[in-house]
Each structure stands twice: as C-alpha cells, then as structure tokens.
Amino acid sequence: MSKPLATIKHTSKTKELTSALEKLKQTAIYVGIAADSKKDKRREGGLSNAVLGYIHEKGSPAMNIPARPFLVPGVKEAKASITKGMATAMQAALHDDMREVKTILEQTGLKTVSSVKGYMQSARFEPLKPSSIRNRNRSRMTKSKRESEERMDAASIKPLINTGQLRDAIDFYIEES
C-alpha cells in the first residue's frame with residue numbers, strides 16, 4: 001500500500017473563538033478621573049478633580065455652572081480608534097496571545113485619553129462668565145492675570161483649562177473580571 005501524497009487536517013477554531021470572546025467580554029477599559037487616585041488630588045486643595053470633572057460634564061444649576069461635557073464627547077471622537085483596537089485585540093486573543101491583548105488594550109486606553117484631552121482643548125464650550133474670568137488667577141495661586149484675562153477676552157479663554165490639573169487627571173485603567 002502506498003503512502004498518501006498529502007493529508008488534510010481539519011480543525012475548528014470555534015472553541016478558541018469562544019474562549020477569546022469570553023476573555024475580552026470580561027475586560028473593560030475605563031476612561032475618566034478615578035476618585036481617590038493619585039491624579040485626583042488638586043495641589044491647592046478644594047474639590048477633587050473627579051468632583052470637578054463631574055460638575056463640568058453635567059453642569060450644576062445650584063452653582064450656576066453650565067454643562068460643558070468633555071468626557072463623553074471625547075470618548076465618542078475616539079470611537080473608530082476604540083473599535084479598531086478591540087478588533088486587533090480580538091485577533092491577538094484568537095492567537096492566544098494575552099500579552100499582546102493587554103498591550104493593545106493599553107494603547108487603546110491611551111488613545112482614548114488623548115482624544116478626551118484633545119477635545120477639552122478644541123471644543124467650543126459655553127464661555128466663562130466675567131466673574132469666573134476675574135477669579136481664575138486665584139485657582140492658579142498667581143498674583144497676576146493672563147493677558148486674555150486682563151482684556152476679559154472670553155473667546156480666547158479655555159473654560160476647562162486653567163491650571164491643567166483637571167486635564168492631567170484624566171486617565172484609564174483596564175479591569176479584568
């Protein structure tokens with residue numbers, strides 16, 4: 001009896017796909033300002049960055065602060081990047097390369113944080129009130145005002161950017177349950 005010229009081996013990836021899906025389904029990337037994190041604390045005290053972020057995102061009628069959403073729109077702007085990252089992570093998971101999955105998820109988190117920070121810089125938020133502009137240097141703990149604040153030029157002043165602490169507090173973490 002002669003040897004076969006070739007053998008065909010059929011394998012199914014169903015089990016691997018299901019396992020990869022389960023691993024990714026139990027993983028979440030959170031972007032925002034984690035309360036009580038090292039980045040949450042403000043140098044001058046007062047409200048934490050997490051609380052300030054929430055107030056700016058939702059607004060506070062009691063404090064006469066309009067909503068200036070930055071987190072949700074910033075994440076939405078990163079949707080294509082997030083989708084691509086998750087698809088790439090799925091491919092790595094299908095190859096059982098969980099180290100690569102973690103790397104891709106971290107890159108996706110960093111890109112999303114960058115998108116939120118970029119949105120804070122470029123969005124056209126409701127301008128600050130003159131009283132807010134007059135008092136901005138106090139929160140920076142400086143004696144003088146910036147040139148645009150002296151001119152009371154609300155159009156050139158970024159509402160969510162004063163000291164940079166709120167922007168710098170935005171971070172991500174990956175949770176695997």
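The values are calculated or read from the model by the stated rules, or taken from the named source; none is laboratory data. Quick caveat: nothing in here was measured; it's all calculated off a predicted structure. Heads up, the Cβs are rebuilt from the backbone with ideal geometry, glycines too, and the neighbour counts pull from every protein chain shown. Keep in mind that these areas ignore ligands, DNA and RNA; they rest on the heavy atoms of the full protein, side chains included. Shrake-Rupley method; radii C 1.70, N 1.55, O 1.52, S 1.80 Å.
Report the extension gain between LEU47 and ASN64 in nm, rounded to one decimal, defined as 0.36 nm multiplied by the number of residues separating them, less their alpha carbon distance.
Numbers: separation 17, 0.36 × 17 = 6.12 nm, distance 1.63 nm.
So the extension gain works out to 4.5 nm.
Accessible surface of ASP96 in the full protein assembly, 1.4 angstrom probe, to the nearest 10 Å²?
For ASP96, solvent-accessible area is about 110 Å².
State, to one decimal in nm, how far the label point of GLU126 lies from the label point of ILE161, with both points 7 Å from Cα in the Cβ direction.
Reported label-point gap for GLU126 and ILE161 is 2.2 nm.
Which length gain, in nm to one decimal place, applies between LYS38 and LEU94 when the Cα-Cα distance is subtracted from 0.36 nm times their residue separation? If you can, show how the numbers build up before the last one.
Numbers: separation 56, 0.36 × 56 = 20.16 nm, distance 3.55 nm.
Difference between extended and current length: 16.6 nm.
Could you derive backbone 3J(HN,Hα) for region 64-78 from the dihedral phi with the Karplus parameters 6.51, -1.76 and 1.60 (θ = phi - 60°), listing whole Hz in sequence and x where the residue is Gly or Pro?
Taking θ as phi minus 60°, the curve returns 6, 10, x, 5, 10, x, 10, 6, 4, x, x, 5, 4, 5, 8 Hz for region 64-78.
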